[in-house]
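Rule-based calculations on the coordinates, nothing more; no lab input. This structure is a prediction, so every number in the text was calculated from the model and none was measured. Here Cβ is always computed from backbone atoms with ideal geometry, including for glycine, and neighbour counts include all displayed protein chains.
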Amino acid sequence: MQQYPLIVALDFSSGHEAINFLSQFKDRRLAVKVGMELFYKEGPDFVLTLKEKGHAIFLDLKLHDIPTTVERAMRQIGALGVDMVNVHALGGKEMMKAALKGLQDSVKEGGKMPLCVAVTHLTSTSEAMMENEIGIETSLNNHILHLCQQVEEAGLNGVVCSAEDVKMIKKAYPNFYTVTPGIRRATDVIHDQVRIMTPSEAAIAGSDAIVVGRGITRAPQPLEAYHLYEKDWRSSHVSK
Ligand code: C5P
């Protein structure tokens, strides 16, 4: 996964649409994110189809359950041979350790160890919501850092977070692999994202990988848009 810093979110309602989209890229191998919508529609077989085409896969299912259930689910997910998976850090340290154990067990059965990252707080969670609805009375940033500590102690590879939080997170956890959605080129439509960054801004902030959905999938020329996102991301590495 680390070789592919630009991850395309396959937010389509069917495998047919996703394959149609990917056909524009001919034989090019991409990093793609399969989320709940596509996975619940098409199931594990579709993940295997994408793998056969040589794509690196981030299976974004955000597991959050009791440790035993997560361990057993990760054992199944690991067997699919995906490249990155995730859990909610709010499930706790034991749950995160159980996720790793499930993945490690699948490796023993012939799978390969994917990166395992955690979602701290969703980017849709506001400070007011955290206090009034979830009942956590500290700042959002403090709580994100608190959860990062649990992620590190559990031994996961890093976090999915807003590009705006990467600097703060990397300062405290320099070895974390950080995956950041909410990315748009300066000239693109923002859609429903609130806090966005361009690919090069995210790279400068320290993101290791960016997730881009509609900026590429809904672009009039997706292939061209993909190249522009790639170029924007790379430009920061030239100027660093
Ligand atoms: O289309 P867009 O680039 O906004 O899509 C971003 C992708 O990243 C979507 O699949 C969305 O669900 C996901 N995501 C996000 N914010 C998070 C976590 C995941 O936008 N905090």
Condition broken by Glu133, with the remaining ones in (1) out of contact with any Gly (no Cβ under 7 Å at 6 or more places or on another chain); (2) buried (at least 21 other Cβ atoms within 10 Å of the Cβ) satisfied: (2)
Can we say Ala209 is in contact with a Leu (Cβ under 9 Å, 6 or more places away or on another chain) and under 28 Å from Leu100 (Cα atoms)? yes
For segment 199-238, how many residues are more than 20 Å from Asp11 (Cα to Cα) and either among the charged types (D, E, K, R) or in contact (Cβ under 8 Å) with a residue 12 or more places away in the chain (or both)? 16
Applying the selection to segment 27-45, what residues are farther than 25 Å from Glu230 by Cβ and more than 15 Å from the ligand (Cβ to nearest atom)? Glu42, Gly43, Pro44, Asp45
Please verify whether Arg185 is more than 18 Å from the chain's Cα centre (by Cα), under 19 Å from Ser236 (Cβ atoms) and in contact (Cβ under 8 Å) with a residue 40 or more places away in the chain, treating the condition exactly as stated. yes
State whether one or more residues within segment 51-66 are within 16 Å of Lys101 (Cβ to Cβ) and in contact with a helix residue (DSSP H, G or I) (Cβ under 6 Å, 6 or more places away or on another chain). yes
Whichever residue in segment 102-145 is in contact with a Lys or Arg (Cβ under 8 Å, 6 or more places away or on another chain) and within 16 Å of the ligand (Cβ to nearest atom) and, among such residues, is farthest from Val70 (Cα to Cα): Thr123
Kindly provide the set of residues from segment 46-64 that are under 24 Å from Ala89 (Cα atoms) and either more than 13 Å from the ligand (Cβ to nearest atom) or not acidic (Asp, Glu) (or both), ordered by number. Ala56, Ile57, Phe58, Leu59, Leu61, Lys62, Leu63, His64
Among (1) among the hydrophobic types (A, V, I, L, M, F, W, C); (2) closer than 23 Å to Tyr173 by Cβ; (3) surrounded by 22 or more Cβ atoms within 10 Å (Cβ to Cβ), the one test that Val82 misses: (2)
Which one is nearest to Met1 (Cα to Cα), of the residues in segment 149-180 that are within 16 Å of the ligand (Cβ to nearest atom) and polar (S, T, N, Q)? Thr178
